[in-house]
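Single-structure report; data block below.
Values quoted throughout were computed directly from the atomic coordinates according to the rules given, and no laboratory measurement underlies them. What you see is a predicted model; the values in this text were computed from it and never measured. Virtual Cβ from ideal backbone geometry, glycine too; neighbours counted across all protein chains shown.
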Amino acid sequence: MLQRTLSTRRRLGGVVLQIAIVAAIGGLGYGAAYNAGLNLSRAHIASGFGFWNNTAGFDISQTLIAYSASTSSFGRAFWVGLLNTLLVGAVGIVFATILGFVVGIARLSNNWLVARLAGGYVELVRNVPLLLQLLFWYNAVLKSLPLLHGSMALPGGAILNNRGLFLPRPVFAANFSAVVVVLVGGIICAIGLTVWSRWRHQRTGANVHIFWPSLALIVGLPLIAYAAAGFPLHFNVPQMGRFNVSGGLEILPEFVALALALSVYTAAFIAEVVRAGVLAVSHGQTEAAQALGLRSGQTLRLVVLPQAMRVIVPPLTSQYLNLIKNSSLAVVIGYPDLVQVFAGSVLNITGQAVEVIALTMAVYLAISLFTSLTMNLYIRTVAIPER
Amino acid sequence: MRRLATAVALAMALALGTQAAAATDTTLAAVKQRGELICGANGTLAGFGMPDPQGNWTGFDVDFCRAIAAAIFNDPQKVKFVPLTAKDRFTALQSGEIDVLSRNTTWTLSRDTSLGLDFAAITYFDGQGFMVRKALKVSSALELSDASVCVQQGTTSELNLADYFRSNRMSLKSVTFATGEEALKAYESGRCDAYTTDSSGLYGERLELTDPSQHIVLPEIISKEPLSPVVRHGDNQWTDIVRWTHFVMIDAEELGINKGNVDAKLKSNDPETRRLLGVEGQYGEALGLTNDWAYRIIKHVGNYGESFERNIGQGSPLKIVRGLNALWTKGGLQYGPPVR
Ligand SMILES: N[C@@H](CCC(=O)N[C@@H](CS)C(=O)NCC(=O)O)C(=O)O
């Protein structure tokens, strides 16, 4: 009884303390905002977000959503920049993860040359500042690509030069959605088929061959639907102009350089994280797996990695966060990310440093928190259930 | 990155400080007490503001700060120059890091009203131009539809570029960089067909290219770029000092007073000359300076024309002609109100 009241009281005290802390932080934040407003008006500097709907007036080289210098607002420019940041962050994370896992595992390889190469990669990349690497890649990308007039024609109508890679852009006619529906249906059926065959394999030991039926479901059916719908897909093929390539889907060299630099750099750190994670799994596990007759690839995939993931994921998360934050180095090579567009052009044109910087910081905070949250959810799925 | 740091510092100062940069003391008092002027300058623009390999700053905009220092301290060396990119410059001034910004900065209405800053006087009448490779065989900016154009961010150039292409119904592919150097490098590497900025800047930057003769400046001037030194809003005495520093340099040129003859001119009978040089009247003291303030400027730095020719005119590699910047008596726009 006494114990109960004690712990209730302690819990109550904890809650009160937490409320007090939140209130204090809120009060500080409010005070800072109020004070800033006062100081700004005293210095005759405009304040507030009144600029948000004003016409931006500047051009942006890569826009994932419709944007025009003459009609779009500063607010629209903000979203353009944010999407560009998310795009390069997502692409960077995917490639950094793949490369990082490959290098990390290669470093533990029994093959002397492979292990040394992986080790050399990690040491070289980790010890050169990212900014230099970025400039290196940008210049390497730009210099190695042909000038406009020596443009390389790639198969399928794609064009490559130092203005970017121009791919044929798919243009979907209205009834293309029917094909998509059939494709999704086919994929669902194929998954069902796989689950069923596994289930049968476990129950009866019989092997059902599902490759051809799956292929028919995923590729064959949609193709038939595509023909039936009257081939509703066309390509906007890029054309050479006097100064530039027009039409098509454009991938800027700035984007390629930034994604490359971020992936290569972060992969070196991820490789170390992966190596540490794999080494943390006791060697007995590998021996046991091999004693059961698993091949080394299977041992890695089925026994070692799942356990290593528990060690790998937390530091991996912070590498992802680093990558996203490092993407703001985009400014030096002219890739229009959030910092370049919003904390750059918009800040300069409006002069509203306080609002713009505060919002930019809030966005990076939100992206980071979201990434951590996702990774924490993922940790739960890889956690080995305690028995 | 520096720019971000400055912006963050300003944000912090505004949020946490009890008083913004326009402190209790006047800028003049602060400068005198410190013993030197802190001047925001370009840092990479030949002819206007750039340190030489020994670290001595030279240039047209630099000389303007030296003139202010000469007026206050009778010593043009008492200036500390802070190199600023187009993006850093206003924040540096707002936060009080510099006393005056003398860095090819265009006077616009929005900058004048919403930044808490004031523009003192138009020291250079400029306009925006384009540079292209000769090999492109383009003779007018109107042929640039679809071209990639490298431009520096946070400049009026960025905005004029979009305006010009829109009003001439041309399609634009601009590539924007944080500094002029990066934009120029990208242009040189072939990333862009054209590079655009103030034509004053084009003169200097063309000479930095590996082979300047391969590049030409197109004839079109697409904007008005009145370049002016900038100060914080609200310190009128300081604004007056900066503004009149420019005016007396113009007046001196008009009166034929220069570095070489200024001592002799002290004995002149011409009333305008006598007022300007402080032989007669208390004009300097009215500004909070000494009465020989203008004499000091001419003695150490020279008149407007001398500074122009030495840094960007015929005495320099840039060879810019006076054009709009000739005296009003010679068909230009430079006009100094009278000292009286
Ligand atoms: N006058 C324009 C442009 C001034 C400007 O920054 N020009 C460029 C090109 S001449 C420059 O000085 N760049 C040098 C740098 O920032 O590194 C403005 O005030 O916005």
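Considering only B:GLU285, B:GLU254, B:GLU225, give the residue with the highest GNM mean-square fluctuation for chain B, with springs between Cα atoms whenever their separation is below 10 Å. Its mean-square fluctuation being the largest, the pick is B:GLU285. Note on chain A: helix-only mean residue ellipticity at 222 nm, from DSSP H runs of 4+ residues weighted -39500 (n - 2.57) and normalised by residue number, equals -21000 deg cm²/dmol.
Dipole magnitude for the range B:80-148: computed about the Cα centre from +1 point charges on Lys and Arg Cβ and -1 point charges on Asp and Glu Cβ, it is near 340 debye. Answer rounded, prolate or oblate for the range A:2-43, using the Cα gyration tensor with square roots of eigenvalues a ≥ b ≥ c: rounded when a/c is under 1.5, else prolate when a/b is larger than b/c, else oblate. Since a/c reaches 1.5 and a/b is larger than b/c, the shape of the range A:2-43 is classed as prolate. Per residue of peptide A:55-61, the mean number of Cβ atoms on other chains within 10 Å of the residue Cβ is 6.
Based on DSSP, what percent of beta bridges with both residues in the protein assembly as shown are antiparallel, to the nearest 5? Rounded to the nearest five, the antiparallel share is 70 percent.
Please state the Cα pair-distance histogram of the range B:181-221 with 5 angstrom bins from zero: what percent is in each bin? All Cα pairs considered, the percentages come to 5, 23, 39, 26, 7.
Take A:336-342, A:234-240, A:189-195 and order them by the average number of nearby Cβ atoms within 10 Å per residue, most first; the result is A:336-342, A:234-240, A:189-195. What does the C-alpha gyration tensor say about the overall shape of chain A? Classify as rounded when a/c is under 1.5, otherwise prolate if a/b is larger than b/c, or oblate. Since a/c reaches 1.5 but b/c is at least a/b, the shape of chain A is classed as oblate. When each of the peptides A:160-166, B:288-294 is scored by the mean number of other C-beta atoms lying within 10 Å of its residues, the order from highest to lowest reads A:160-166, B:288-294.
Between the alpha-carbon centres of the range B:299-340 and the range A:299-362 there is a gap of 49 Å. With both residues required to sit in chain B, DSSP beta bridges show an antiparallel share near 55%. Can you give the Kirkwood hydrodynamic radius for the protein assembly as shown, in Å, rounded to one decimal and based on Cα pairs? Mean inverse Cα-Cα distance, inverted, gives 30.2 Å. Per-residue shielding of B:161-171, expressed as the average number of other chain Cβ atoms within 10 Å of the residue Cβ, stands at 3. Diagonalising the gyration tensor over the Cα atoms of the range B:288-340 and scaling each eigenvalue by 5 before taking the square root yields semi-axes of 24, 16, 6 Å, largest first. Inter-chain Cβ neighbour count for A:206-212, averaged per residue, equals 0 (cutoff 10 Å, partner chain atoms only). In terms of distances greater than 21 angstrom between alpha carbons, the cross-link table entries B:LYS78/B:LYS299; B:LYS299/B:LYS319; B:LYS87/B:LYS319 yield B:LYS299/B:LYS319; B:LYS87/B:LYS319. When each of the peptides B:78-91, B:139-152, A:287-300, B:210-223 is scored by the mean number of other C-beta atoms lying within 10 Å of its residues, the order from highest to lowest reads B:78-91, B:139-152, B:210-223, A:287-300. Seen through its C-alpha gyration tensor, with square-root eigenvalues sorted a ≥ b ≥ c, chain B comes out oblate because a/c lies at 1.5 or above while a/b is not bigger than b/c. Average 1/r across all pairs of distinct alpha carbons in the range B:128-223, invert it, and you get the Kirkwood radius: 12.9 Å.
Between the range A:24-38 and the range B:70-118, the C-alpha centres lie 30 angstrom from each other. For the pair the range B:31-53 and the range B:228-251, the centres of their Cα atoms are 17 angstrom apart. Note on B:GLU36/B:ASP240: beta-carbon distance plugged into 1/(1 + (r/R0)^6) with R0 of 30 Å gives a FRET efficiency of 0.90. Counting only residues at least eight positions apart within a chain, or on another chain, the aspartates and glutamates with an alpha carbon under 20 Å from that of A:LYS143 are A:GLU250, A:GLU254, B:GLU181, B:GLU182, B:GLU188, B:ASP193, B:GLU208, B:ASP211.
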